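Comments concern the structure below.
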Amino acid sequence: MFQPNLRATHSIEKSHFIGGFAIDSPTRAENAANSGVQTTISYNNPPTPSSPLGKKLLSSHMRVIDGYLASDLYYYECHRTWTVVRPPNGQRFCGRDKYTYLANEKAFLADITKHLQLVRNNPLVVGYWVLDDWVAWDAGSARPLLMKVNSLVHQYTPNRPTICGLGGTIHLGNTYSWNDGTAANFSPQGCDRVGLYLYTSSMPNRAPYNAAPYSSPDKYNWAMNGLLTKIFASLKKRGWDSKKEPIIGITQAFGGIIRGTSNYYVTPTAQNLAAQSKSFCEHGASGIAFYGWDDSSFGPGSFTPMNSSQIQQGIQQGITACKAYWQAHPTV
């Protein structure tokens, strides 16, 4: 039914990566494919080829980065911070301890092994998203676990790389936030790729609901001047080599009101999206991805590629800009 070289032809090892987060329905897959996206980064279990989403992805020539591993690591850390390493000063990593089945490291790695065995023959899966948001007070705690996870990935699915996600914040003007400890979870032994998700900070909405936001998106430094340099310095201290652990730049493709709050994220224009994508690629990113098509915080008053022509155009322009840069700089 499937071509024997299907996985190889879509390997992110062999080509520049163009992805999108949470493309989790056939309708979202069609929207993303029409914009030029080739891969979805999906949390929890990936779709199977026989599912409605899987069929749509196959017909659209799209593949999946499996985010189950990052979700499982989050659940493990949630349980651990309620039972082993308590947060300081009343801080918390998660709302409540729901993941008691991940009682210890052995149980966590057993669950990862079971998942890898289940998806090893799924032709949609071409890699794994293994790390997501992490709190500063427990910086570096995932590093040894990620080494073990990466070893299991290479053992059971050797042609699929892992991607470790690290986040920073773009503020108004030329300011930004980056915590050096965010890079403490990185190691060359634990991360085959590094995904940098750099979004604007949330703001209080000073305008009426659904009215124009208080701050203009053009007031943000979408070129991320200074921020990327600082992140690269943090990674290099931990042994990062851009040629061995390439960067994937993750661009903000959302905005608007945050569900259940009076806060909002500024909505980037097409030009803002294209500028951020291009800057990632000019700083050496071998791939780009866009966040995102779905999120539990998206609700009335929010904008995504599904309802914003500006965001759709920005994704297309960003992909075009990066492809042009990669063609002119084939060693990236």
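A short reminder: the numbers here are calculations on the coordinates, not readings from a lab. Keep in mind it's a predicted model, so treat the numbers as computed, not measured. Counting neighbours? That spans all protein chains shown, and the Cβs are built from the backbone with ideal geometry, glycine included.
Note on residue 98: aspartates and glutamates with a C-alpha under 14 Å away, same-chain residues under 8 apart excluded, are 72, 77. Helix-only arithmetic for the chain: the sum of -39500 (n - 2.57) across DSSP H runs with n ≥ 4, divided by the residue total, places the mean residue ellipticity at 222 nm at -10500 deg cm²/dmol.
Residues whose amide H falls under 5 Å from that of residue 263, counting only those 5 or more places apart or on a different chain, are 205, 258, with hydrogens built in the peptide plane. For segment 117-131, the Karplus equation 6.51 cos²θ - 1.76 cosθ + 1.60, evaluated at θ = phi - 60°, returns couplings of 5, 6, 9, 4, 9, 7, x, 6, 7, 10, x, 9, 8, 10, 8 Hz by residue, with Gly and Pro reported as x.
With the charge dipole of the chain set up from +1 on Lys and Arg Cβ and -1 on Asp and Glu Cβ about the Cα centre, the Cα lying farthest toward the positive end among the listed residues 170, 140, 79 is that of 140. Considering only 284, 306, 248, and ranking their Cα positions along the charge dipole of segment 234-332 that arises from unit charges at the beta-carbon of Lys, Arg, Asp and Glu, the one farthest toward the positive end is 284. Computed 3J(HN,Hα) for segment 182-194, one whole-Hz value per residue from the Karplus formula 6.51 cos²θ - 1.76 cosθ + 1.60 where θ = phi - 60°, is 4, 7, 5, 7, 7, 8, x, 7, x, 9, 7, 9, 10, glycine and proline marked x. Remark: segment 60-77, residue by residue, has Karplus-estimated 3J(HN,Hα) of 9, 6, 10, 10, 10, 9, 7, x, 4, 5, 5, 4, 5, 5, 4, 5, 5, 5 Hz, where x stands for each Gly or Pro and the curve is 6.51 cos²θ - 1.76 cosθ + 1.60 at θ = phi - 60°.
Across the options 95, 157, 184, the greatest Cα extent toward the positive end of the charge dipole of the chain (unit charges at beta carbon of Lys, Arg, Asp, Glu) belongs to 157. How would segment 285-332 be classified by its alpha-carbon gyration tensor: rounded, prolate or oblate, with rounded meaning a/c under 1.5 and the a/b versus b/c comparison settling the rest? Oblate, because a/c is 1.5 or more while a/b does not exceed b/c.
Close amide H contacts of residue 195 (hydrogens built in the peptide plane, cut-off under 5 Å, sequence separation of 5 or more or a different chain): 164, 165, 166, 248. Listed by chain and number, the lysines whose C-alpha is less than 28 Å from the C-alpha of residue 55, apart from same-chain residues fewer than 8 away, are 14, 114, 323.
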